[in-house]
Amino acid sequence: MSGPRLFQPLAIGGLTLANRIVIAPMCQYSAVDGGMTDWHTIHLGHLALSGAGVLTIEATAVEPIGRISYGDVGLWDDATEAAMARVLESVRRHSDMPVAIQLGHAGRKASTDLPWKGERQIPASDPHGWETVAPSALPYDPKNPAPVALDRAGLARIRDAFAESAKRSARLGLDLIQIHAAHGYLLHQFLSPLSNHREDEYGGSLENRMRFPLEVYDAVRAAFPAERPVTVRVSGSDWVEGGWDAEQTVAFAKALEARGCAAIHVSSGGLDPRQEIPVGPSYQVPLARAVKQAVSIPVVAVGLITEPQQAEAIVATGEADLIALARTILYDPRWPWHAAAELGARVKAPDQYLRSQPRQYKHLFDISGSGED
(Lines give C-alpha, C1' and ligand atoms only; values in the text may rest on other atoms or scores of the structure.)
Protein backbone atom coordinates (compact mmCIF):
# COMPACT_ATOMS: atom_id res chain seq x y z
CA MET A 1 0.00 0.00 0.00
CA SER A 2 1.43 3.37 -1.00
CA GLY A 3 1.38 6.56 1.01
CA PRO A 4 2.57 7.34 4.54
CA ARG A 5 2.39 4.45 6.98
CA LEU A 6 0.83 6.71 9.62
CA PHE A 7 -2.35 6.95 7.54
CA GLN A 8 -2.70 3.29 6.64
CA PRO A 9 -5.44 1.30 8.41
CA LEU A 10 -4.68 -1.18 11.17
CA ALA A 11 -6.74 -3.87 12.90
CA ILE A 12 -6.71 -4.13 16.68
CA GLY A 13 -8.52 -7.36 17.37
CA GLY A 14 -11.87 -7.06 15.63
CA LEU A 15 -11.66 -3.27 15.31
CA THR A 16 -10.12 -1.66 12.23
CA LEU A 17 -8.76 1.86 12.64
CA ALA A 18 -8.60 4.23 9.66
CA ASN A 19 -5.07 5.30 10.62
CA ARG A 20 -2.35 4.84 13.25
CA ILE A 21 -3.12 7.96 15.32
CA VAL A 22 -4.51 7.28 18.80
CA ILE A 23 -5.98 10.01 20.97
CA ALA A 24 -4.70 9.00 24.39
CA PRO A 25 -6.84 9.20 27.54
CA MET A 26 -6.45 12.60 29.20
CA CYS A 27 -7.99 13.33 32.61
CA GLN A 28 -10.10 16.48 32.67
CA TYR A 29 -10.87 16.57 36.43
CA SER A 30 -14.30 17.97 35.57
CA ALA A 31 -16.71 15.22 36.63
CA VAL A 32 -19.26 15.56 39.43
CA ASP A 33 -19.50 12.50 41.71
CA GLY A 34 -17.95 10.47 38.91
CA GLY A 35 -20.46 11.65 36.32
CA MET A 36 -19.42 13.28 33.03
CA THR A 37 -20.58 16.85 32.44
CA ASP A 38 -21.04 19.26 29.55
CA TRP A 39 -17.28 19.83 29.59
CA HIS A 40 -16.75 16.23 28.48
CA THR A 41 -19.22 16.71 25.62
CA ILE A 42 -17.17 19.68 24.41
CA HIS A 43 -13.79 18.06 25.04
CA LEU A 44 -14.55 14.68 23.46
CA GLY A 45 -16.78 16.17 20.79
CA HIS A 46 -14.15 18.33 19.17
CA LEU A 47 -11.48 15.61 19.44
CA ALA A 48 -13.88 13.22 17.69
CA LEU A 49 -13.74 15.56 14.66
CA SER A 50 -9.93 15.50 14.51
CA GLY A 51 -9.46 12.72 11.97
CA ALA A 52 -7.57 10.42 14.36
CA GLY A 53 -8.03 6.65 14.26
CA VAL A 54 -9.55 6.25 17.73
CA LEU A 55 -10.57 8.46 20.66
CA THR A 56 -9.94 7.20 24.21
CA ILE A 57 -12.02 8.39 27.16
CA GLU A 58 -9.92 9.47 30.13
CA ALA A 59 -8.97 7.23 33.06
CA THR A 60 -12.32 6.05 34.38
CA ALA A 61 -12.49 4.73 37.93
CA VAL A 62 -14.15 1.39 38.58
CA GLU A 63 -15.09 2.41 42.14
CA PRO A 64 -15.30 5.78 43.93
CA ILE A 65 -12.06 5.34 45.94
CA GLY A 66 -10.28 4.44 42.70
CA ARG A 67 -10.50 8.01 41.39
CA ILE A 68 -7.31 10.03 41.19
CA SER A 69 -9.27 13.07 42.36
CA TYR A 70 -12.81 14.01 43.30
CA GLY A 71 -13.15 15.44 39.77
CA ASP A 72 -12.46 12.12 38.01
CA VAL A 73 -14.86 10.25 35.77
CA GLY A 74 -16.23 6.93 37.01
CA LEU A 75 -18.28 4.06 35.67
CA TRP A 76 -19.46 2.20 38.74
CA ASP A 77 -23.24 2.67 38.94
CA ASP A 78 -26.32 3.55 36.90
CA ALA A 79 -25.84 7.31 37.45
CA THR A 80 -22.28 7.40 36.11
CA GLU A 81 -23.29 5.15 33.21
CA ALA A 82 -26.20 7.43 32.33
CA ALA A 83 -23.97 10.52 32.43
CA MET A 84 -21.49 8.89 30.05
CA ALA A 85 -24.33 7.73 27.79
CA ARG A 86 -25.53 11.33 27.37
CA VAL A 87 -22.06 12.51 26.34
CA LEU A 88 -21.55 9.61 23.94
CA GLU A 89 -24.93 10.19 22.33
CA SER A 90 -23.95 13.78 21.52
CA VAL A 91 -20.49 12.86 20.26
CA ARG A 92 -21.73 10.01 18.07
CA ARG A 93 -24.39 12.15 16.49
CA HIS A 94 -21.64 13.95 14.57
CA SER A 95 -18.72 11.47 14.46
CA ASP A 96 -18.27 7.80 13.63
CA MET A 97 -14.75 7.67 15.09
CA PRO A 98 -14.30 4.56 17.28
CA VAL A 99 -14.43 5.40 20.99
CA ALA A 100 -12.38 3.52 23.59
CA ILE A 101 -12.36 3.82 27.37
CA GLN A 102 -9.52 3.47 29.85
CA LEU A 103 -10.61 1.66 33.02
CA GLY A 104 -8.44 2.11 36.06
CA HIS A 105 -7.97 2.38 39.81
CA ALA A 106 -5.58 4.91 41.33
CA GLY A 107 -4.75 2.89 44.44
CA ARG A 108 -2.37 4.82 46.72
CA LYS A 109 -2.26 7.76 44.27
CA ALA A 110 -5.98 8.46 44.77
CA SER A 111 -7.64 11.20 46.82
CA THR A 112 -5.66 14.10 45.34
CA ASP A 113 -6.65 17.66 44.65
CA LEU A 114 -7.14 18.99 41.12
CA PRO A 115 -3.88 19.73 39.24
CA TRP A 116 -4.55 23.45 39.04
CA LYS A 117 -5.09 23.45 42.82
CA GLY A 118 -1.76 21.83 43.61
CA GLU A 119 -2.47 18.11 43.16
CA ARG A 120 -1.64 17.40 46.82
CA GLN A 121 -3.04 14.28 48.44
CA ILE A 122 -6.19 15.11 50.38
CA PRO A 123 -6.60 13.47 53.82
CA ALA A 124 -9.52 11.14 54.43
CA SER A 125 -10.93 13.62 56.96
CA ASP A 126 -11.51 16.20 54.20
CA PRO A 127 -14.92 16.19 52.43
CA HIS A 128 -13.07 15.73 49.11
CA GLY A 129 -10.80 12.95 50.39
CA TRP A 130 -10.92 9.27 51.31
CA GLU A 131 -8.71 6.46 52.60
CA THR A 132 -6.59 4.94 49.86
CA VAL A 133 -5.69 1.30 49.21
CA ALA A 134 -2.63 -0.40 47.73
CA PRO A 135 -0.83 -3.75 47.52
CA SER A 136 1.19 -2.78 50.60
CA ALA A 137 0.90 -0.08 53.26
CA LEU A 138 3.51 2.11 51.54
CA PRO A 139 2.62 5.71 50.56
CA TYR A 140 3.62 7.18 47.20
CA ASP A 141 5.38 9.98 49.07
CA PRO A 142 6.67 9.65 52.66
CA LYS A 143 4.75 12.83 53.53
CA ASN A 144 1.45 11.16 52.62
CA PRO A 145 -0.64 8.90 54.87
CA ALA A 146 0.00 5.19 54.35
CA PRO A 147 -2.64 3.39 52.27
CA VAL A 148 -4.48 0.34 53.53
CA ALA A 149 -2.97 -2.92 52.25
CA LEU A 150 -5.63 -4.81 50.32
CA ASP A 151 -6.84 -8.10 51.78
CA ARG A 152 -8.40 -10.95 49.79
CA ALA A 153 -11.86 -9.41 50.01
CA GLY A 154 -10.50 -6.10 48.72
CA LEU A 155 -8.79 -7.78 45.79
CA ALA A 156 -12.00 -9.59 44.88
CA ARG A 157 -14.03 -6.39 45.17
CA ILE A 158 -11.74 -4.47 42.83
CA ARG A 159 -11.47 -7.32 40.34
CA ASP A 160 -15.27 -7.56 40.25
CA ALA A 161 -15.54 -3.77 39.91
CA PHE A 162 -13.34 -3.87 36.78
CA ALA A 163 -15.60 -6.57 35.33
CA GLU A 164 -18.75 -4.62 36.15
CA SER A 165 -17.36 -1.48 34.51
CA ALA A 166 -16.53 -3.59 31.47
CA LYS A 167 -20.15 -4.73 31.28
CA ARG A 168 -21.29 -1.11 31.49
CA SER A 169 -18.79 -0.21 28.76
CA ALA A 170 -20.34 -2.88 26.56
CA ARG A 171 -23.85 -1.53 27.16
CA LEU A 172 -22.61 1.93 26.18
CA GLY A 173 -21.41 0.51 22.88
CA LEU A 174 -17.78 1.41 23.48
CA ASP A 175 -15.51 -0.08 20.85
CA LEU A 176 -12.44 -0.93 22.94
CA ILE A 177 -11.33 -1.14 26.57
CA GLN A 178 -7.86 -0.17 27.72
CA ILE A 179 -6.91 -1.37 31.21
CA HIS A 180 -4.70 1.14 33.01
CA ALA A 181 -1.68 -0.67 34.46
CA ALA A 182 0.71 2.29 34.21
CA HIS A 183 1.68 5.63 35.76
CA GLY A 184 1.93 4.38 39.32
CA TYR A 185 -1.74 3.50 39.70
CA LEU A 186 -3.03 0.36 41.41
CA LEU A 187 -2.18 -2.34 38.86
CA HIS A 188 1.26 -0.80 38.32
CA GLN A 189 1.66 -0.78 42.12
CA PHE A 190 1.21 -4.55 42.10
CA LEU A 191 3.73 -4.97 39.27
CA SER A 192 6.59 -2.93 40.73
CA PRO A 193 8.79 -4.34 43.50
CA LEU A 194 9.14 -0.78 44.83
CA SER A 195 5.47 -0.61 45.82
CA ASN A 196 4.58 -4.29 46.23
CA HIS A 197 6.08 -5.77 49.40
CA ARG A 198 3.44 -8.46 49.86
CA GLU A 199 4.43 -11.86 51.24
CA ASP A 200 1.52 -13.83 49.77
CA GLU A 201 1.04 -15.15 46.22
CA TYR A 202 0.52 -11.57 44.96
CA GLY A 203 4.01 -10.37 45.90
CA GLY A 204 7.67 -11.29 45.65
CA SER A 205 8.50 -12.94 42.33
CA LEU A 206 7.65 -11.40 38.97
CA GLU A 207 5.08 -14.14 38.42
CA ASN A 208 3.39 -13.26 41.71
CA ARG A 209 3.49 -9.49 41.11
CA MET A 210 1.84 -9.99 37.72
CA ARG A 211 -0.87 -12.21 39.19
CA PHE A 212 -3.46 -9.58 40.20
CA PRO A 213 -3.12 -7.44 37.04
CA LEU A 214 -3.56 -10.59 34.95
CA GLU A 215 -6.60 -11.61 37.01
CA VAL A 216 -8.09 -8.18 36.33
CA TYR A 217 -7.35 -8.53 32.63
CA ASP A 218 -9.04 -11.96 32.56
CA ALA A 219 -12.10 -10.59 34.38
CA VAL A 220 -12.45 -7.65 31.97
CA ARG A 221 -11.89 -9.85 28.93
CA ALA A 222 -14.62 -12.26 30.11
CA ALA A 223 -17.07 -9.41 30.76
CA PHE A 224 -16.60 -7.55 27.43
CA PRO A 225 -17.93 -8.91 24.11
CA ALA A 226 -15.39 -11.22 22.50
CA GLU A 227 -15.46 -9.35 19.18
CA ARG A 228 -14.40 -6.09 20.84
CA PRO A 229 -10.72 -5.67 21.82
CA VAL A 230 -9.26 -5.29 25.30
CA THR A 231 -5.83 -3.65 25.51
CA VAL A 232 -3.49 -2.70 28.35
CA ARG A 233 -1.42 0.41 29.07
CA VAL A 234 1.86 -0.26 30.85
CA SER A 235 4.75 1.77 32.21
CA GLY A 236 7.85 0.38 30.55
CA SER A 237 10.10 1.61 33.37
CA ASP A 238 9.87 3.14 36.83
CA TRP A 239 13.12 5.00 36.07
CA VAL A 240 14.28 4.04 39.57
CA GLU A 241 17.03 1.52 40.35
CA GLY A 242 15.54 -1.79 41.42
CA GLY A 243 12.09 -0.97 40.08
CA TRP A 244 9.93 -2.12 37.19
CA ASP A 245 11.89 -2.14 33.93
CA ALA A 246 11.76 -3.01 30.23
CA GLU A 247 12.64 -6.68 30.75
CA GLN A 248 9.75 -7.19 33.18
CA THR A 249 7.47 -5.22 30.86
CA VAL A 250 8.25 -7.64 28.04
CA ALA A 251 7.41 -10.60 30.28
CA PHE A 252 4.10 -8.97 31.25
CA ALA A 253 3.30 -8.18 27.61
CA LYS A 254 3.93 -11.79 26.60
CA ALA A 255 1.62 -13.02 29.36
CA LEU A 256 -1.09 -10.60 28.22
CA GLU A 257 -0.70 -11.64 24.59
CA ALA A 258 -1.13 -15.29 25.61
CA ARG A 259 -4.45 -14.34 27.23
CA GLY A 260 -5.78 -12.60 24.12
CA CYS A 261 -4.79 -9.00 24.76
CA ALA A 262 -5.29 -7.05 21.52
CA ALA A 263 -2.58 -4.36 21.93
CA ILE A 264 -0.07 -2.91 24.40
CA HIS A 265 0.30 0.84 24.96
CA VAL A 266 3.74 1.61 26.38
CA SER A 267 4.31 4.66 28.58
CA SER A 268 6.62 5.00 31.60
CA GLY A 269 7.14 6.38 35.10
CA GLY A 270 4.66 7.63 37.65
CA LEU A 271 5.28 5.13 40.42
CA ASP A 272 7.99 6.70 42.57
CA PRO A 273 8.92 10.37 43.19
CA ARG A 274 12.60 9.41 42.91
CA GLN A 275 12.21 8.74 39.19
CA GLU A 276 14.80 10.26 36.87
CA ILE A 277 13.23 10.38 33.42
CA PRO A 278 15.39 11.38 30.43
CA VAL A 279 12.66 13.51 28.87
CA GLY A 280 13.07 14.43 25.21
CA PRO A 281 11.38 13.83 21.84
CA SER A 282 10.36 10.16 21.49
CA TYR A 283 11.98 9.36 24.85
CA GLN A 284 9.64 6.44 25.53
CA VAL A 285 9.81 4.92 22.05
CA PRO A 286 12.72 2.55 22.92
CA LEU A 287 10.47 1.00 25.59
CA ALA A 288 7.75 0.44 22.99
CA ARG A 289 10.34 -0.99 20.59
CA ALA A 290 11.43 -3.57 23.18
CA VAL A 291 7.85 -4.77 23.53
CA LYS A 292 7.26 -4.66 19.76
CA GLN A 293 10.22 -6.98 19.21
CA ALA A 294 8.81 -9.51 21.69
CA VAL A 295 5.11 -9.74 20.77
CA SER A 296 3.04 -10.03 17.62
CA ILE A 297 0.13 -7.83 18.71
CA PRO A 298 0.07 -4.08 17.92
CA VAL A 299 2.14 -1.78 20.13
CA VAL A 300 1.38 1.90 20.78
CA ALA A 301 4.17 4.43 21.45
CA VAL A 302 3.60 7.71 23.28
CA GLY A 303 5.63 10.55 24.80
CA LEU A 304 6.65 13.88 23.27
CA ILE A 305 5.61 12.82 19.79
CA THR A 306 4.78 16.20 18.30
CA GLU A 307 5.88 16.30 14.64
CA PRO A 308 4.32 14.46 11.67
CA GLN A 309 7.66 13.27 10.27
CA GLN A 310 8.63 12.04 13.74
CA ALA A 311 5.39 10.05 14.04
CA GLU A 312 5.74 8.65 10.53
CA ALA A 313 9.31 7.52 11.24
CA ILE A 314 8.21 5.63 14.37
CA VAL A 315 5.59 3.55 12.54
CA ALA A 316 7.41 3.33 9.19
CA THR A 317 10.54 1.84 10.77
CA GLY A 318 8.53 -0.61 12.86
CA GLU A 319 9.43 0.78 16.27
CA ALA A 320 5.70 0.75 17.04
CA ASP A 321 2.47 0.16 15.16
CA LEU A 322 0.64 3.26 16.34
CA ILE A 323 1.45 6.57 18.02
CA ALA A 324 -0.62 8.18 20.75
CA LEU A 325 -1.10 11.89 21.28
CA ALA A 326 -2.11 13.59 24.52
CA ARG A 327 -0.87 17.11 25.28
CA THR A 328 0.02 17.51 21.60
CA ILE A 329 -3.58 17.11 20.48
CA LEU A 330 -4.93 19.27 23.30
CA TYR A 331 -2.73 22.04 21.96
CA ASP A 332 -3.57 21.29 18.33
CA PRO A 333 -6.89 19.41 18.02
CA ARG A 334 -6.46 19.28 14.23
CA TRP A 335 -3.03 17.64 14.40
CA PRO A 336 -4.12 14.68 12.22
CA TRP A 337 -5.25 17.14 9.49
CA HIS A 338 -1.93 18.97 9.61
CA ALA A 339 0.02 15.69 9.62
CA ALA A 340 -1.92 14.42 6.61
CA ALA A 341 -1.24 17.67 4.75
CA GLU A 342 2.49 17.50 5.49
CA LEU A 343 2.82 13.80 4.64
CA GLY A 344 0.64 13.86 1.53
CA ALA A 345 -2.19 11.74 2.96
CA ARG A 346 -5.95 12.12 3.20
CA VAL A 347 -8.03 12.49 6.35
CA LYS A 348 -11.72 12.49 7.20
CA ALA A 349 -13.31 15.84 8.09
CA PRO A 350 -16.91 16.74 8.95
CA ASP A 351 -19.04 18.07 6.10
CA GLN A 352 -19.45 21.38 7.91
CA TYR A 353 -15.67 21.96 7.73
CA LEU A 354 -14.96 20.86 4.17
CA ARG A 355 -14.70 24.46 2.97
CA SER A 356 -11.70 24.94 5.25
CA GLN A 357 -9.50 22.71 3.08
CA PRO A 358 -6.48 24.85 2.09
CA ARG A 359 -6.10 25.48 -1.63
CA GLN A 360 -2.60 23.97 -1.69
CA TYR A 361 -3.96 20.64 -0.38
CA LYS A 362 -6.62 19.86 -3.00
CA HIS A 363 -7.09 16.24 -1.91
CA LEU A 364 -6.55 16.50 1.85
CA PHE A 365 -10.10 15.73 2.93
CA ASP A 366 -11.26 12.22 2.19
CA ILE A 367 -14.62 13.04 0.62
CA SER A 368 -15.95 12.06 -2.79
CA GLY A 369 -17.95 14.35 -5.01
CA SER A 370 -16.90 17.60 -3.37
CA GLY A 371 -15.55 20.37 -5.51
CA GLU A 372 -15.12 22.79 -2.65
CA ASP A 373 -11.70 24.27 -1.95
Problem set entry | Qualifying residue in segment 350-372 (condition: part of a helix (DSSP H, G or I), touching a helix residue (DSSP H, G or I) at 6+ places or on another chain (Cβ under 8 Å) and either open to solvent by 40 Å² or more (accessible area, probe 1.4 Å) or in contact (Cβ under 8 Å) with a residue 12 or more places away in the chain (or both)) | no
Exercise. Yes or no: Val266 open to solvent by less than 30 Å² (accessible area, probe 1.4 Å), assigned to a strand (DSSP E or B), of a type outside the set (Lys, Arg) and out of contact with any Gly (no Cβ under 9 Å at 6 or more places or on another chain)?
Worked result: no
For this session: Collect the residues in segment 271-285 that are crowded, with 20+ Cβ neighbours inside 10 Å, hydrophobic (A, V, I, L, M, F, W, C) and farther than 17 Å from Ala181 by Cβ, keeping them in residue-number order.
Result: Val285
Problem set entry | Selection within segment 164-177 - open to solvent by less than 10 Å² (accessible area, probe 1.4 Å) and of a type outside the set (Val, Ile, Thr) | Ser165, Ala166, Ser169, Leu174
For this session: Considering only residues that are in a helix (DSSP H, G or I) and free of Cβ contacts under 8 Å to residues at least 60 places away in the same chain, look in segment 308-317 and name the one that is least open to solvent (accessible area, probe 1.4 Å).
Result: Ile314
Exercise. Is there a residue being part of a loop (DSSP other than H, G, I, E, B), in contact with a Ser or Thr (Cβ under 9 Å, 6 or more places away or on another chain), open to solvent by less than 30 Å² (accessible area, probe 1.4 Å) and among the small types (Gly, Ala, Ser) anywhere in segment 216-237?
Worked result: yes
Exercise. How many of the residues making up segment 286-307 are surrounded by 24 or more Cβ atoms within 10 Å (Cβ to Cβ), out of contact with any helix residue (DSSP H, G or I) (no Cβ under 6 Å at 6 or more places or on another chain) and closer than 16 Å to Asp245 by Cβ?
Worked result: 1
Problem set entry | Index of the failed condition, Arg108 passing every other in (1) open to solvent by 20 Å² or more (accessible area, probe 1.4 Å); (2) in contact with a strand residue (DSSP E or B) (Cβ under 6 Å, 6 or more places away or on another chain); (3) charged (D, E, K, R) | (1)
Exercise. Across segment 146-163, what is the total count of residues that are buried (at least 17 other Cβ atoms within 10 Å of the Cβ) and either modelled with pLDDT under 95 or more than 30 Å from Phe224 (Cα to Cα) (or both)?
Worked result: 1
For this session: Name, by its number, the condition in (1) surrounded by 24 or more Cβ atoms within 10 Å (Cβ to Cβ); (2) of a type in the set (Gly, Ala, Ser); (3) not in a loop (DSSP other than H, G, I, E, B) that does not hold for Ala320.
Result: (3)
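The values are calculated or read from the model by the stated rules, or taken from the named source; none is laboratory data. Quick caveat, the model's predicted, so the values are computed rather than measured. Every residue, glycine among them, receives a Cβ derived from its backbone with ideal geometry; neighbour counts consider all protein chains shown. Calculation scope for accessible area: heavy atoms of the full protein, side chains included, ligands and nucleic acids excluded. Shrake-Rupley method; radii C 1.70, N 1.55, O 1.52, S 1.80 Å.
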